[in-house]
Amino acid sequence: MVDAAVLGHRIRHFRTATGLTLDALGERIGLAGSQLSLIENGHREPKLSHLQAIAETLGVSTGQLLDPEPPSERSRMELDLQRLQEGASYKRLGLPLVRPTRSMGDDVLGALVGLHRELDRRAREAIATPEQARRDATALRHTMRERNNSLPEIEELAEEQLRAVGYEGGSLTHRTVSEIAARLGFELVYVTDLPHSTRSVTDLENGRIYLPPASIPGGHGLRSMALQALAHRLLGHHEPRDYQQFLQQRLEINYFAAATLMPRSRAVDYLRKAKKERNLAVEDFRDAFGVTHETAAMRFTNLATTDLDMRVHFLRVQEDGALSRVYENDGLPVPVDASGHAEGQLVCRRFAARTAFERTSRTTEFYQYTDTPNGTFWCSTQTGSGTDGEFSISFGVRFDDAKFFRGAQTAFREVSTCPDERCCIRPTDGLQERWRHRSWASARMHQHTLAPLPSGTYPGVDDAELYEFLERHAPVI
């Protein structure tokens, strides 16, 4: 959906190009000039009938009016100035808004935009601390829990892109992803020198999306990365104003990629059939659509509650027991800190997410029941390895829903009383007495523990390296 402010600028651009005043255009389409002014200033969205009348009067198509890109570089700067002045960092100063006028030169406007961007960058740098990041991540996790981890509007957007390129089912091929990109005006280009701080780079001017030459470890396939880059454009994302918006954008592009790789209509049909046969399995779901185990498990969480009437949980846990990704709406007792943040917390050593590491054979899913203070849960767990070492992916449900899954007959069962420290955190009195003064351990410390979150135009991205890369790869015209 086009931004109201961009739409207003495009209407003004085409109106002035035809030499019509606000009143003259308003008279032709049956709308007062004052009402048309509100539309051009982005304060009101036009009705479809008015939009069609405007397009017809100005001699353009409605598609041209609804193009999400500003009509000129001047318009882009004016929109940037408006957006930046609406941000919290400027509002806190209590200064009046500066409205661009026709007499304001491009150099003055550019200087104002530059100053505002620097003010915004410094404000984001100050707030992008580990504490703030934890608060933002926790708030987003709670929001998605309330929505049952489902974003219907993105589901439909993904299906729309697939219909447009004639997708008929099966595993989504690289060719189909390229066709989706081409339809949106982009070419996928594979390079070996991407900036170290990026996963992909989009050249908006030349319509190119730069990707690594092969899948990187950890499950981030090229199809998924390309779809995530395209999602930024389809969802109308702008430079994130803070870390919370950065996290929201990351969630949305990941969701779009998964919804495109595993379209809702076909995925739900597949899962409902497997549920009816009492043969649900993440590994089958994964293989049916040609995605990673993690993608399949997370995609399951998007559909389980809304389409299968089933509450679930998902955990990605590092070999040391630390949570790196989590979702639950089934009541699984997830470890959290005093602020409610879960990522980085240690999972109970009785959970399947950790006992799976003790298995000698890890080629198939591991099934386990776990009795907890919140009830009994069934889990299927698959282990893997990435750039950060080994990890496990767990997907599970409450005891009553286990009957729909393959592996429900497992004999493996553990008892967890966490967060009671006597469960697996506090050593028994005998062990503590024996070893407390007879041992010494050198603790491992992650480098990021004391570091603030990196700043830049995009959190975590080296601007200089990014722009040098784009300049190096821009086509010569």
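The values are calculated or read from the model by the stated rules, or taken from the named source; none is laboratory data. What you are looking at is a predicted structure, and each value in this text was computed from that prediction instead of being measured. Positions of Cβ are backbone-derived with ideal geometry, glycine not excepted, and every protein chain shown enters the neighbour counts. The protein model used for the area step is the full one, side chains on, heavy atoms only, and it has no ligands, DNA or RNA in it. Shrake-Rupley method; radii C 1.70, N 1.55, O 1.52, S 1.80 Å.
Would you confirm whether or not the stretch 120-127 contains a residue that is surrounded by fewer than 17 Cβ atoms within 10 Å (Cβ to Cβ) and over 30 Å from residue 473 (Cα atoms)?
yes
Being touching a strand residue (DSSP E or B) at 6+ places or on another chain (Cβ under 8 Å), surrounded by 14 or more Cβ atoms within 10 Å (Cβ to Cβ), under 30 Å from residue 385 (Cβ atoms) and without any contact (Cβ under 8 Å) to a residue 24 or more places away in the chain, is that true of even one residue in the stretch 204-216?
Yes: one or more hits.
From the list 412, 404, 395, 399, pick out the single residue that is closer than 21 Å to residue 348 by Cβ, in contact (Cβ under 8 Å) with a residue 24 or more places away in the chain, aromatic (Phe, Trp, Tyr) and open to solvent by less than 70 Å² (accessible area, probe 1.4 Å).
Exactly one of 412, 404, 395, 399 is closer than 21 Å to residue 348 by Cβ, in contact (Cβ under 8 Å) with a residue 24 or more places away in the chain, aromatic (Phe, Trp, Tyr) and open to solvent by less than 70 Å² (accessible area, probe 1.4 Å), namely 395.
With over 30 Å from residue 114 (Cα atoms) and either under 32 Å from the mean Cα position of the chain (by Cα) or not hydroxyl-bearing (Ser, Thr, Tyr) (or both) as the only criterion, which of 96, 46, 68, 100 stands out?
Every option except 46 fails the conditions.
Kindly provide the set of residues from the stretch 167-203 that are farther than 29 Å from residue 284 by Cβ and open to solvent by less than 20 Å² (accessible area, probe 1.4 Å), ordered by number.
181, 191, 195, 201, 203
Go over the candidates 221, 236 one by one and state the one that is of a type outside the set (Lys, Arg), under 30 Å from residue 142 (Cα atoms), in contact (Cβ under 8 Å) with a residue 60 or more places away in the chain and surrounded by 17 or more Cβ atoms within 10 Å (Cβ to Cβ).
Within the list 221, 236, the selection yields 221.
Which residue pairs have Cβ atoms closer than 6 Å, lie 6 or more positions apart in sequence or on different chains, and pair a first residue in the stretch 297-324 that is under 13 Å from residue 272 (Cβ atoms) with a second residue that is hydroxyl-bearing (Ser, Thr, Tyr) and surrounded by fewer than 20 Cβ atoms within 10 Å (Cβ to Cβ)?
306/150
Scan 165, 189 and give me the residue that is of a type outside the set (Gly, Ala, Ser) and touching a strand residue (DSSP E or B) at 6+ places or on another chain (Cβ under 9 Å).
That would be 189, the only listed residue that is of a type outside the set (Gly, Ala, Ser) and touching a strand residue (DSSP E or B) at 6+ places or on another chain (Cβ under 9 Å).
Provide a single number: the residues in the stretch 23-59 that are within 20 Å of residue 74 (Cα to Cα) and among the aliphatic types (A, V, I, L, M).
2
Does the stretch 428-437 contain any residue that is buried (at least 19 other Cβ atoms within 10 Å of the Cβ) and either on the phi > 0 side of the Ramachandran plot or of a type in the set (Phe, Trp, Tyr) (or both)?
The answer is no; no qualifying residue exists.
When you scan the stretch 351-447 for strands (runs of 3 or more DSSP E) that lie fully inside it, which ones turn up with 2 or more residues that are touching a His at 6+ places or on another chain (Cβ under 8 Å)? Before you say what the answer is, go through the steps one by one.
Numbers: elements: 366-372, 375-386, 389-398, 413-415.
The strands (runs of 3 or more DSSP E) meeting that bar are 375-386, 389-398.
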